[in-house]
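To keep things clear, I will list the structure first and then write my remarks on it.
The values are calculated or read from the model by the stated rules, or taken from the named source; none is laboratory data. Computed from a predicted structure; not experimentally measured. Counting neighbours? That spans all protein chains shown, and the Cβs are built from the backbone with ideal geometry, glycine included. Note: accessible area is taken over every heavy atom of the protein model, side chains too, but ligands, DNA and RNA are not part of it. Shrake-Rupley method; radii C 1.70, N 1.55, O 1.52, S 1.80 Å.
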There are 2 protein chains.
Amino acid sequence: VKRQPTELLKALVALIRRGLFEDFAAKAAKMEPADLGDVLASLDGTERVDVVRRLPPEVSSQALAEMPDEAHRGETLAALDPTEAAHIVEQLDDDDAADILGELEPAKQQEILAEVEDRPDVERLLRYDEETAGGLMTTHLVSVLVSDTVAGALESVRKQAEETEDFGNVFVVDGASRLMGVLSFKTLVVSDPDRRVEEVMEPPDVTVGPEEDQEEVARLMARYNVPSIPVVDADGRLLGRVTFDDVIDVVEAETTEDILRFGGVSAHEDLAASWGTAVKSRAPWVFVNLLTAFIASSVIVLFEDVLVRAVALAAYLPIVAGLGGNTGTQALAVTVRRLALRQIPVDQSVRVIRKEMAVGLTNGLLAGSAVAIVALATGQGPQLGLVVLMAMVGNLFLGSSVGALVPLLLNRLGVDPAIASSIFVTAFTDTCGFALLLGLSSWIIL
Amino acid sequence: VKRQPTELLKALVALIRRGLFEDFAAKAAKMEPADLGDVLASLDGTERVDVVRRLPPEVSSQALAEMPDEAHRGETLAALDPTEAAHIVEQLDDDDAADILGELEPAKQQEILAEVEDRPDVERLLRYDEETAGGLMTTHLVSVLVSDTVAGALESVRKQAEETEDFGNVFVVDGASRLMGVLSFKTLVVSDPDRRVEEVMEPPDVTVGPEEDQEEVARLMARYNVPSIPVVDADGRLLGRVTFDDVIDVVEAETTEDILRFGGVSAHEDLAASWGTAVKSRAPWVFVNLLTAFIASSVIVLFEDVLVRAVALAAYLPIVAGLGGNTGTQALAVTVRRLALRQIPVDQSVRVIRKEMAVGLTNGLLAGSAVAIVALATGQGPQLGLVVLMAMVGNLFLGSSVGALVPLLLNRLGVDPAIASSIFVTAFTDTCGFALLLGLSSWIIL
C-alpha cells in the first residue's frame, strides 16, 4: 500500500525550511505528484513559490496540478515570472493547464499564454465554462477511421499512443471527424485483424455537448459505467473526452457544495478562505437568518400577555421549536438526497411526502407524550400537558411535511433542491412551534 | 446524447400495466441496463417480480444489478424460486452477484447458491464485508507472467480478454500469483515485442488489502488517478481489482451518509424505507434531541424570575439562540468537509479554529449590532440593547468555536468527524444563548 504518513510530510517540509533544498529535490523527483502536492499545500505562500521555481518544471507542474486547494494553485502561478509560469504550463496536460490558468485574472492569463509555445489546445479549452463538459475535457485522445481494418486501426493506435497518456477507449470517426463509434481495447485485440472497424465497433451511446453541466456528466458516467465520455459539437464532431478521474473530482466538489448549502454556507465558499473572505460569504446568510428569527420572535411578542400570565410556558418554547426543527431537518436531508440520486420514481412525490408526514406524526406522538409526562410529573397540571402534547404533534408533523415538500417543489420548478437549506426549515418550525404552544395555551389554559 | 426521458419511462411502465408484455420485452432487449433498472424501480413489488421472471435472465439480471434502490433488489431476488434466482445470479459479474446476494438472509442465500452452477468466485466474495475493498472487488481480471515477452503477454491478454468484460490495466504476476507490476495498454502496444514484461512494466504503486475501508479505496483512486486498484493479500498475492465505476458508487454512498448524519438521521437509513422503518431509525435521534432540548430549557427554568420581571426578553431568546446555531452549523459544515477532503495540512488545526472564531466574532458584532439597534428603535432602552449585543457576540463566537473544534477533536481521536451532527451544535448554542441573554440581563438590567 502506498500512502504518505504525516511524519514523512513533516520531514519533507522540515528539509525545505532548514534550507536543505537539494536533499528535498532528490526525494521530490521520485514522489507521486499527489504526495508532492500535499507538501506544497503545507508550505506558506512565499515558500511555495520558491519551491515551485527551483524544482524542474516537469516535477513542479504535476505537483501544482495535484495540490488540493485550487485558489492557492492560481496564486502560486501568478507569483512566478511569465516565462517561468509558461514553462510550467507547457508541461501540463491541456485540461490541467486550462484549470490552473482559469483561476487567474484574464490579463495575467494572456501574459502567461503569450510566452507559452505551441499549445492552441489550452487556449481552446479556456473558452469553456469550468463547470461544463468542455471545461473538464481533454482534447488528447486516440481515434481511428471508421473505414480502416482492425489491423490498420491497431497500427494507428500504436502511433498515437506514444503521444497520449492513459487513453482509455479508442474513438472511431469519419473523414469529417464526426464520432461514429467506440472501440474497446478488448475488441481491438480479440477481433479478426482483417475485419473492418465499422463491423466491430460499438455505437457511441453516451455522448455530451461541451456546454453540458459537469454534474450531469458525472451522473451519466456512474450510470452507464463508461471510463470516458466523448464530447461532441452540434454537428457530431469529436471535440474531446472527459475521463473518470475528473468525474471523481466533480462528485467530491458537488458533495462539498451540498454539505455547505445544507449548513447554510454559500456553496462556492472556498473552504480554505481567509476569515475576511469567509465573513463576506457567510454574513448574507446570517442576515437572512436574522430576518427569519425576527419573524419567529414576533410570534412571542404577539402572545406576550400569555407568557406574562404563564411564564412556565417559556421553558417549553425551545423544546417544541427545537424538536420540530430536528424532525424537519431529518425529512429534508433524506428527501434532498433521494432527489440528488434520482431515486424518486415517476409520480411518487405524493408517496414521499405521505411517508415523511407519517414519520413526523409518529415521532410527534412519541416525543410529545414524553414531554407531557414530564409536565404532569412536575405538577404542572393536565391542561399544560395536553397543550404541550398537541403542540409537539403539530409542529413535528408540520416540520416533516415542509422538510419533504420544499425540495420536491423546488425540483418540480427546475431549481436545484439542495438550496433548501436547513435554515429555512428551522425558521418555519420555530415560528410554528411558538404559535402552536402559545396559541393553544391561550385557548385551553387561560 | 443518450438519456431516458420521463415520458419514455412512463410509456414502458404503461405497456407492462396494460398487459402488453411482449411489446415491452422487445424494447427491453435493446435498452441499457441502467435505463431498464429505472423501469423496475418504478414498478411495485409484485409487478417487478413478474417482469424479472418473464424477461430472459441475461436481460433481467443486468437490470436488477443497475436498479438504484438496493433493498428492493434483494427483495425481488428473494421472491423468485431458488432456481429462477440462480439463473439470474449465474448471469451476473461476480461482484454484482455478491452485492445482491449479500442483501439476503443467510438461509435464503444458501438456498439460491445451492442451485447456482460453477460460481466459486461469488461464494468467495460473499465472505468480505461489503464496505471493504474485498466487498467491492471483482476477481475477473487479466494478468500476465513477469517472465513473459511483450509479444507473449499480448497473446495471453488476447486469450483472456474473450472471457473478461472491460478489463482496464493488465496485471503482472510471478509464478506464485504475487503482484509484480502493472502494464497499461499503451505500454503493451507501443513496446518492442521482444522485450521482457519485467523491463517495461510499472511498479504496483497503489495496492490495498481486502479488508481496506471502501472510503480509503475511493480516496486512493481519486488521488493517484488510477482506473483500477489491485487488491492483494498479506503475502502480496493478487486477489482481484476494484474499478472506477464501483468507486463512483462509493463516493455517492458516502455523500449520502454524510448528509444524513449532518441532518441528524442515522447514516445507514435506507432512503426508500417505509415509514415504520424510518421511525425506528430516527426516533432515537429525536429522543437524544429531546434530552438536549430539556437541558437548554432548564436554563430558562433557572432564570424564570428574570423572565417574570422582564418578559420582553422572551422575544430575544430565539434570536440569540437561533443565530448562534446558524453560525455554529456553518463552521461545522466547512470544517467537516475540509477534514473529509484532507485539506487541513499538518499542524494547522489551531489556525482553522482561530479562523472560525474570527468569523463568529465578526458576524456576532454585525448581527448583534443590528438586533441592538432594533431594541433601541423600539424603545426598549440602552441596557437591553447592550445585553442583546453582548449575548449575540458571545453566542456566535462560542457557536463557531464549537462548530470547528468538535470535528477536529473527533478526527484527532480517530473518530469519523461526520458524526458531529448539527443537532449537538444547536443544542450547545441554544443552552449558551439562553444562559448568556438571561444571565447578562439579571446582572446588568435587573
(message) Of all residues being within 14 Å of chain A (Cβ to nearest Cβ) and surrounded by fewer than 20 Cβ atoms within 10 Å (Cβ to Cβ) in the range B:133-153, which is nearest to B:Asp233 (Cα to Cα)? Just the residue, please.
(response) B:His140
(request) Tell me which residues, restricted to the range B:327-337, are touching a Ser or Thr at 6+ places or on another chain (Cβ under 9 Å), in contact (Cβ under 8 Å) with a residue 12 or more places away in the chain and either at the interface with another protein chain (Cβ under 8 Å from one of its Cβ atoms) or not in a helix (DSSP H, G or I) (or both). (result) B:Thr327, B:Thr329, B:Gln330, B:Leu332, B:Ala333
(message) Please go through (1) within 12 Å of chain B (Cβ to nearest Cβ); (2) modelled with pLDDT of 95 or more; (3) within 26 Å of A:Ala312 (Cα to Cα) for A:Ala375 and return the number of the only condition it doesn't satisfy.
(response) (2)
(message) Return the residues of the range A:343-371 that are open to solvent by 10 Å² or more (accessible area, probe 1.4 Å) and more than 7 Å from every other protein chain (Cβ to nearest Cβ); say none if nothing qualifies.
(response) A:Ile344, A:Asp347, A:Gln348, A:Ser349, A:Val350, A:Arg351, A:Ile353, A:Arg354, A:Met357, A:Leu361, A:Leu365, A:Ser369
(request) Quickly run through the range A:422-434 and pick out the residues that are more than 10 Å from chain B (Cβ to nearest Cβ) and open to solvent by less than 40 Å² (accessible area, probe 1.4 Å). (result) A:Thr429, A:Cys432
(message) Criterion first (part of a helix (DSSP H, G or I), open to solvent by 50 Å² or more (accessible area, probe 1.4 Å), of a type in the set (Ser, Thr, Tyr) and touching a residue at least 24 places away in the same chain (Cβ under 8 Å)) does A:Thr76 satisfy it?
(response) no
(request) Report whether or not A:Val190 is surrounded by fewer than 19 Cβ atoms within 10 Å (Cβ to Cβ), farther than 19 Å from A:Ala133 by Cα and β-branched (Val, Ile, Thr). (result) yes
(request) Take the range B:163-173 and flag every residue that is open to solvent by less than 50 Å² (accessible area, probe 1.4 Å) and either among the small types (Gly, Ala, Ser) or in contact with a Lys or Arg (Cβ under 9 Å, 6 or more places away or on another chain) (or both). (result) B:Thr164, B:Phe167, B:Gly168, B:Asn169, B:Phe171, B:Val173
(message) Could you check the range B:50-65 and list, in sequence order, the residues that are more than 14 Å from B:Asp35 (Cα to Cα) and open to solvent by less than 20 Å² (accessible area, probe 1.4 Å)?
(response) B:Val51, B:Val52, B:Leu55
(request) Tell me, please, whether a residue that is open to solvent by 30 Å² or more (accessible area, probe 1.4 Å) and touching a Pro at 6+ places or on another chain (Cβ under 6 Å) can be found in the range A:301-317. (result) no
(message) Within the range B:174-187, does at least one residue satisfy the condition of being within 28 Å of A:Lys30 (Cα to Cα), part of a strand (DSSP E or B) and touching a Lys or Arg at 6+ places or on another chain (Cβ under 8 Å)?
(response) yes
(request) Count, please, the residues in the range A:193-208 that happen to be facing chain B (nearest Cβ under 8 Å) and open to solvent by 10 Å² or more (accessible area, probe 1.4 Å). (result) 3
(message) Checking B:Trp443 against (1) more than 12 Å from every other protein chain (Cβ to nearest Cβ); (2) in contact with a helix residue (DSSP H, G or I) (Cβ under 8 Å, 6 or more places away or on another chain); (3) over 30 Å from B:Ser266 (Cα atoms), only one condition comes out false. Which one?
(response) (2)
(message) List the residue pairs whose Cβ atoms are under 6 Å apart, where the first residue sits in the range B:378-400 and is touching a residue at least 24 places away in the same chain (Cβ under 8 Å) and open to solvent by 10 Å² or more (accessible area, probe 1.4 Å), the second is in a helix (DSSP H, G or I) and of a type in the set (Val, Ile, Thr), and the two are 6 or more positions apart or on different chains.
(response) B:Gln383/B:Ile444
(request) Search the range A:6-29 for residues being within 11 Å of another protein chain (Cβ to nearest Cβ) and among the charged types (D, E, K, R), and hand back the single one that is surrounded by the most Cβ atoms within 10 Å (Cβ to Cβ). (result) A:Lys10
